Every structure is written in C-alpha cells, then in structure tokens.
1. Return the tail of the calculated pair distribution for segment 185-296, meaning the percent of Cα-Cα pairs more than 21 Å apart.
2. Can you find, among 240, 631, 128, the residue sitting farthest towards the positive end of the charge dipole of the chain, where Lys and Arg contribute +1 and Asp and Glu -1 at Cβ?
3. Among the listed pairs 206/307; 320/465; 286/410; 463/558; 286/403, give every one whose C-alpha distance is greater than 28 Å.
4. From the Cα gyration tensor of segment 297-342, with a ≥ b ≥ c the square roots of its eigenvalues, which class applies: rounded if a/c is under 1.5, or else prolate if a/b is larger than b/c, or else oblate?
5. Calculate what fraction, in whole %, of the accessible area of the chain sits on carbon and sulfur atoms when a 1.4 Å probe is rolled over the protein chains.
6. Using a 1.4 Å probe, how large is the accessible area of residue 106, given in Å² and rounded to the nearest 10?
7. Treating the angle as unsigned and between 0 and 90°, give the value, to the nearest 10°, between the Cα long axis of helix 402-422 and the longest Cα principal axis of the chain.
8. Which aspartates and glutamates, if any, have their Cα less than 17 Å from the Cα of residue 231, not counting same-chain residues under 8 positions apart?
Amino acid sequence: SLPNTKAEDIVHQIVEYLLSNHKEEFIAAIKDEKLVPRKMDEYEVAATLGHAKIGLTQWERIVQALKCFMDIETVCVSAHTLRALGSDHGEITTGSYEYISPKEKKKSKDPVKEVIRFWHKNVAKEYVTFVESIINGEKIDPSNIAHVQHCAGGDHARKDNRGKHRFVGKAIIRLKDGKEFSEVYSLADVACRKDSAEVLSNTILKPMVEGMDEIAQGKLVFKRMVDTNGKMYWKVELVPESDNVDSFLTVIKPGSFLTGDLEFLAMVLGREGYAGWWCMFCMDYKPEWQEKPEDIMQGIDIDELIKQHEANVTSKNTGKDMKGVKEKPYLKKGTIVIFPCLHGMLGVGNAIMDYFFDEIDRFIEPISIAELATRESIPNNTVLLQEEEHSLMLWLNAENGGKELDRLTKEVEWLSHNNNNNNAPNSDNNIRDMKSRIGALTQVHDKMSSNIAKLKEEISNAKKKLTAFRKARKVTNSSIYNGVEQILKGHKIIRASYHGGDFNGVNIITIMQESDGIMAEIQELMIERNKNATEEEIRKLCDEVKMALVLWDDVFSKANTKYESTTADWVKTHYDEMEKSIKLTMHQHQMRSMGFSITPKMHGLECHLVHLMRTVPGGIHQMIEHWVEQYHQQATGMERMWGGHPYTDQAEFRARREKMLGTKETKIALARIIDSKRKVKRKREDATVEEKNRIKEGRKAVKQRMQERMDSARDSEAVEDSMDTDGDIGAL
C-alpha cells in the first residue's frame, strides 16, 4: 500500500476486490466469522417468539427497530413465510352456549344467562398429526416402537370472576430401547366462570369423548412414503381395529387415557358432586375405606356405572343407594382413567402439614382457651358443612326431593300457561295442590341451604378470629410460629399465613424431599422455645411427621419413575415395591396410626394406584396430570398477547403457535437459545452447590433407612399375606 493511503481506504479496496472476484466465498467467510448478522430463518424466529412469549406484531416492531439502529436491510424471513409455518393446523370448530346457573334457575323471572364461548378440534386427527410429527422429526422407525399412547386431560382455573376450562392432549411414543418422546397440544377450550357437567356436556365433552373412543377402538397404520423431492417420510393413519391392513405394514394398537383432578373426572364419569364421599375408581363409600383394605382393587368399570345409573332410574334410588352415580357416564369403555397423583400429593402433603401445625398449637405453643376453641370449631363445622352439602346433593337428585320440585314447578307453569291461552277447563284445584307441595319441598330446600350458609359464615368468622390471634402471636420473635415460618422461608417455602392457603405443588415437593433437614431444624427450635410439652413428645411428633413425609415422597417418586427396563422381571419388582411402600405408608406405619381420616385421594392412592400401574404399559409417569396444569399456565400466557382479539381468532392464533413450536427445527433452535442462556448465566456460588448436594445425599440416606423398613416389612408375614403380586402388568 502507498504511505499516504488511509487504512479505511485499503479495507474498502480489499472488500471490493473480494466481492468482484470471490463474492460467494467472501460472504460465507465473513458470516462464519460472525462479522455480519445472519438472516434468521422461520424456525429461529418461531423459537424466538416462543422463548420471549411475544406475538408476531411485537416481533415485526422489533425487526423494524433493528433495521433502523443496526443499519441492516434484512433481519429474518418475511412474516408471510413465518405464518406459513403455522398455517397447517387442524380444523377448529367454534360455538356458544347460554348457561343458567342453578342459583339463577330458582328465580321465577328473568334469570341471568351466561354466554359461554367454546372451541374444539378433532381429537383423533390432532393425535395422528402429532404422532406423525414425532416419528418424522425424530426419524423413528415404527418397527422400533413399543407403545403409542394418547392421554387427554381437563383442567379449570378461575381468576377475577373469569375462568377457562382447557382440554389438552398428549401424544406419547415409547421405543423398545426405553426412549420416550411426547408432545402436548390443545384440544378444546371453554370460557366459563365455573365448569360443570352441564356446561361441558353442552359444549365440548361429546366430541372429546368420541375422539378418545375413536383412538381406543382403532389402530395406527404406518406407511412409508416419498415426497416430491425424493425424501422418505412416514404417513400415519388411524383406522377401525376391524379393518383389514396389508401384512407388510406396521400396525400398532394405541392406548387411550384420561387424567385430571377428581372433580373433573367425576363429571366425565357421571358422578358430579360425589367426589368427596364416593371413590371415583370404585363403588365404595367414604366410611367403608377408613379401615385397612384387604387388597388393592380393580379400576373403573364403565359398564358397572351404566348399570348402577339404570338401577337408580328404574328403582328410583335415593341417597346412599345411588352409590354416587348421578347420571350415565359420558366416558366410553376403552379409555383408561389415570389417578390424579399430583392432586393426591398436594392433598396428602397439606393434610400432614396441617396436622403438624395443629399439634404444635394444641400441645406445644401456648395459646389461649379462646383461640383453642375457635381453632377446634373450624374442622368440626367443616365436617358438618360437608355432610349438609352432601345431603343437599342427594336431596336434589332424589325423585321425591329436588327432581319432584323441578317437575312440579314445570307442570304448574305449563298448566297456568295452558289455562290462560287456550281457555282450558279450570284446573285451579290441581294447581293449588301442586303449589302446596312445591311450598313444602321449597321449605326443605331452603332449610338445608340456610344451614349450609350459616355453617359457611361460622367457618369464615372463625378463620378471621384465628387470623387476629395469630397476628398477635406472630409479632413475638420468640414464638414457635415465627421460628417455623423463618425455617420454611430458609428452604424457600412460603405460605401467606400460619394456617392460610394451602402449600402449592412446588412447596409440597420441597417439604417432602427435604423433610429430614427441615424437621430437624424445627425440632431443635421447638425444644429450645417449648413451654408446654416434654422433649420426648416433641421428638415423637417431629419423627412421625418426618416419616410420613419421607414415605409419601417415596410413593410419589416411584409413581413418577421412568422405567429403567421393560423386562417383565424389572417391571414386576417395581410394582411390588410400590405396593409395599403404600402399605407401609398407609396402615403399617403412618396415616392410620396418626389418626388421619382417609380421604378419597388417600383411598385412591392406597387401593387403586398400583393396579393402574400394572394395567398401563410403560407406567403412568408420562400421564400424571402436572402437564395439564402446566399447559393451562402456558395457554394463559399466550392469551395475554391476544386479549384484544375476538375469541375465535385467539383459538386460531394458539393453534398456529403450537404448530410453529412443534416442529423439530423450531425445537432445535429453541434449545440453542436455552443453551446459550446457560453459558452466560452466572454460576451458582459454591456454597449453594454444596448445600444442594448435601440435601441430595441426605435424602438418599433417609430413603435408604426407609428401604430397610420395607425390607423388614417384606419379611413380615402380615404384609406378605395381605399382598397380591399377581396383577396383570399389561403387554410389555
């Protein structure tokens, strides 16, 4: 170069030369060196939208700003190309339903109607689409597949007097080598303040049940295809099980499953309102399962529910004779109902912690007689409330109760209308008699409703009084309450008040997994600040609560276990160990010995979970309902982006987003974003890592001690005699 030539001019000359003579190689080289921004493809943009939780409109504004401030012409592919990525989603059916709540129905004139909007997709078609997506995206040979399953789930959440019921699907593929692949997607959505069997049956339940049944009664046929570019892919078809298929094709029978909380399952099974007193997985009544059961029990029999419903109608059964069957089940035979382990864990965990806090207040923390009386009134009135509500539910469904009241009310309306409009013969006497009977029935209804309202008010007032009592004790730094709260906060477990709202799922998991350390800290605090109980009594209380938490942690851990092997021996051993864990937890050591009332969730865990695990090939860990709850939260986040759009447009937007994020290329791009985030994220302090490792090792030690108890129990003749280890483990 010449001495007087500027460096910038030299660079320009070099760049011009390279562009003129080696353009393609030069552009590729500077891109490799990351000297110029690379154009983002549609999958990278889709991953960015998903990661940032923003819509296409927000992204277009960001692109406009980048072009302006970075002085670049192109950032990514066009919006048209991106929209095309999500355009190939399934058909969406929309509708609305005018709902009148039971409270509004009682009004003689102008009941308020709630206009409920809903949409749904074709369950079977969505399932086939996502099975195809998984096997083609992951390059799976169908001959290597062990199981293909479909699990549907329902969940309702309400906030600020607005609510949504979401129906979600999950396609699960398990290979013969144990690898698993799954995809979650939306199936239906109902915008309702409160869900009920009436609401669901008039909106989405019929197409959802028909779709699940189509899967249960069908078989998947895998066909090798070649596209226009000569690339091989697999096409999947769902056909009736009776159809003849060419012998050279791979055919797999899919499994159909349903999950959700007990209230939702009760609606689908025709047992709405009975989940607190009747088991949704058998025909047993709450008082019947308080004692130790003889054995694990079979699962739901749809035919038995239908038979019971027919008997209720024919014999006009009322009360306990109805066996908790309100109407004919909506679900059809062939779809297996999964026990809600997540809600079971929440229920059991909160029951144990409530028991612990009550024992502290009752025997250890010095409290006034007034507070003690107020505290004891809450569970007593709660039991009375449950009984009154149950009695009202039975009365409403009785032929000589609520059903007679509805029938007579309609007849009086018809007769009055007929007399006024058609000058029919006077039937005042009949109307008078019917109105008299209506008055008597209404009095019964109003009295029961009044009792319920009074009990609710008494419970509410008692809770307010307790809050005042606790606030007074909370300000004392030396109180056990304050100390326990600080210990829990140290483990990132926070509850609004001492007996305020329940612990959430994350808190319960932490309490169970770290129970050894948590209870040791609390025990030390209680001994230090104790004024009423002996040290031996404190140790006994902390030990029994800790053991209950450890044992249940083991049960839920086994239920969530991904199978290490698909061999019959490993699977049978796993089931047998699970059964022993439950027996040890429920009646051989903890729950009954601690005086717990056995709730429907505890009964289901004790009597039905193991049978279910034996029945479902590959286990239930992929179907436990946490993924339904998680999707509900994700969908709520999506809707915040589209809140200003019409309801039908929101359904379209979400379907596109799911399609975009579901492709293999988008998942790879999203994984790159997450991985890059990990690299730049500040490393945790060594002390934090050491603490996590300490907790992990401590949990292993506690589990080992628990395993020793199980081994001891295995040698106990009482346990062995009560066990049935010959259950069907399903096709492996």
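The values are calculated or read from the model by the stated rules, or taken from the named source; none is laboratory data. Please read these numbers as outputs of a predicted model, since none were measured by experiment. Ideal geometry is used to build each Cβ from the backbone, glycine not excepted, and the neighbour counts take in all protein chains shown. Remember, those area values only see protein heavy atoms, side chains included, never the ligands or the DNA or RNA. Shrake-Rupley method; radii C 1.70, N 1.55, O 1.52, S 1.80 Å.
1. Values: 3711 of 6216 pairs.
Distances greater than 21 Å cover 60 percent of the Cα pairs.
2. Comparing the listed Cα positions along the dipole, 631 ranks first.
3. Details: 206/307 21 Å; 320/465 37 Å; 286/410 35 Å; 463/558 37 Å; 286/403 25 Å.
Flagged as over cut-off: 320/465; 286/410; 463/558.
4. Working: a/c = 2.58, a/b = 1.80, b/c = 1.43.
Because a/c hits 1.5 or more and a/b exceeds b/c, segment 297-342 counts as prolate.
5. Values: 19420 of 38960 Å².
Its accessible area is 50 percent carbon and sulfur atoms.
6. Looks like 130 Å² after rounding.
7. 90 degrees
8. 132, 138, 141, 665
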